[in-house]
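The values are calculated or read from the model by the stated rules, or taken from the named source; none is laboratory data. Owing to the predicted nature of the structure, the values given are computational and were not obtained by experimental measurement. Virtual Cβ from ideal backbone geometry, glycine too; neighbours counted across all protein chains shown.
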Amino acid sequence: MRNKPNKIKRLVIKIIDTCQHNCIYCVNNDSISVTGKMSLKMIEDIIKKFLPEEVEFTGGEVALDYEHILSAVRISSKYSKFIMLNTYGIME
Ligand code: SF4
């Protein structure tokens, strides 16, 4: 008999690599100058697969592509109760 997979509480998705800052403590120092971002289809596929209670978007800086993160939040809210954004909070 197969065991039922454990439900994932929080899924952390690195949606974008880019960031305007260059903090010395950044865990993403090797990729913040890269311009890649995860496609909305891939985001939805991953969330549908794991159906986490919480989705956390991180980067880079998630607010640099406002329309993209807004769409990602809309998609995530169809499947998960809580959506979190990791942002440095400076709107320049
Ligand atoms: S992602 Fe966060 S920690 Fe890294 S450089 Fe940007 S603001 Fe700093």
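Quick notes on this one:
- Filtering segment 59-90 to residues that are closer than 17 Å to GLY36 by Cα and charged (D, E, K, R) leaves GLU61, ASP65, GLU67.
- For segment 35-60, a residue qualifies if it is more than 12 Å from the ligand (Cβ to nearest atom), in contact (Cβ under 8 Å) with a residue 24 or more places away in the chain and more than 16 Å from SER77 (Cα to Cα), and the qualifying residues are LYS37, MET38.
- Checked against the criteria, CYS19 counts as surrounded by 17 or more Cβ atoms within 10 Å (Cβ to Cβ) and over 13 Å from the mean Cα position of the chain (by Cα).
- Meets criteria (within 11 Å of the chain's Cα centre (by Cα) and either on the phi < 0 side of the Ramachandran plot or not charged (D, E, K, R) (or both)) for ILE24: no
- Applying the condition of being among the hydroxyl-bearing types (Ser, Thr, Tyr) and part of a loop (DSSP other than H, G, I, E, B) to segment 66-81 and asking which residue is surrounded by the most Cβ atoms within 10 Å (Cβ to Cβ) yields SER80.
- Residue under evaluation PHE50, criteria (1) of a type in the set (Phe, Trp, Tyr); (2) crowded, with 17+ Cβ neighbours inside 10 Å; (3) out of contact with any helix residue (DSSP H, G or I) (no Cβ under 9 Å at 6 or more places or on another chain), criterion not met: (2)
- Pairs with Cβ under 7 Å, 6+ apart, first in segment 68-89 and modelled with pLDDT under 95 and of a type outside the set (S, T, N, Q), second away from the ligand (no atom under 16 Å from the Cβ) and assigned to a loop (DSSP other than H, G, I, E, B): LYS81/GLU53
- Lone unmet requirement of (1) assigned to a helix (DSSP H, G or I); (2) over 14 Å from THR18 (Cβ atoms) for ALA63: (2)
- Restricting attention to segment 29-50, the residues that are within 14 Å of the chain's Cα centre (by Cα) and assigned to a loop (DSSP other than H, G, I, E, B) add up to 3.
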